[in-house]
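Below is one structure, written out as structure tokens; comments come after it.
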Amino acid sequence: MTLTEQMITIDLCVIGTMATRFLPFIIFNSKKPTPKYIEYLGKALPAAIFGMLVIYCLKNVSVFSGSHGLPELIAIILTILLHLWKRQTLFSIAGGTVCYMLLVQMVFV
């Protein structure tokens, strides 16, 4: 890419990022109540996204070959236990991820 193309690309990224950050505050200002469907989406979408991520991560796991899906199962169980124990989403996700990476790099080689 030429310098001009690089600058245009950076400008478009900045505009896109700023639009997605500022647009909700412009559309849903504090003077009007938030519409009910937006509140519903705020409650429903996080669980739906996590469900999609779990399905995506487990779609190629084969219980009939290799490690039989044990690293994935162990990491999922640890993630659930950490979340039940601490109720900290990022802590649970990080703990499960670290556990999985250690298992596939050191135990189930």
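The values are calculated or read from the model by the stated rules, or taken from the named source; none is laboratory data. What you see is a predicted model, and the numbers here were worked out from it, not measured in a lab. Note that we place each Cβ from the backbone using ideal geometry, even for glycine, and neighbour counts take in every protein chain shown.
Points to keep in mind about this one:
- The stretch 64-80 residues that are on the phi > 0 side of the Ramachandran plot, paired with ones that are modelled with pLDDT of 90 or more and among the β-branched types (Val, Ile, Thr) (beta carbon under 7 Å, 6 or more apart): 69/61
- Breaking point among (1) surrounded by fewer than 10 Cβ atoms within 10 Å (Cβ to Cβ); (2) modelled with pLDDT under 95, for residue 3: (2)
- Hits in the stretch 73-97 (condition: charged (D, E, K, R) and at pLDDT 95 or above): 86
- Counting the residues of the stretch 60-109 that are exposed (fewer than 11 other Cβ atoms within 10 Å of the Cβ) and over 26 Å from residue 47 (Cβ atoms) gives 6.
- Some residue of the stretch 39-57 being touching a residue at least 12 places away in the same chain (Cβ under 8 Å) and touching a Gly at 6+ places or on another chain (Cβ under 8 Å): no
- The single residue among 19, 47 that is among the aliphatic types (A, V, I, L, M), surrounded by fewer than 10 Cβ atoms within 10 Å (Cβ to Cβ) and out of contact with any Asp or Glu (no Cβ under 9 Å at 6 or more places or on another chain) turns out to be 47.
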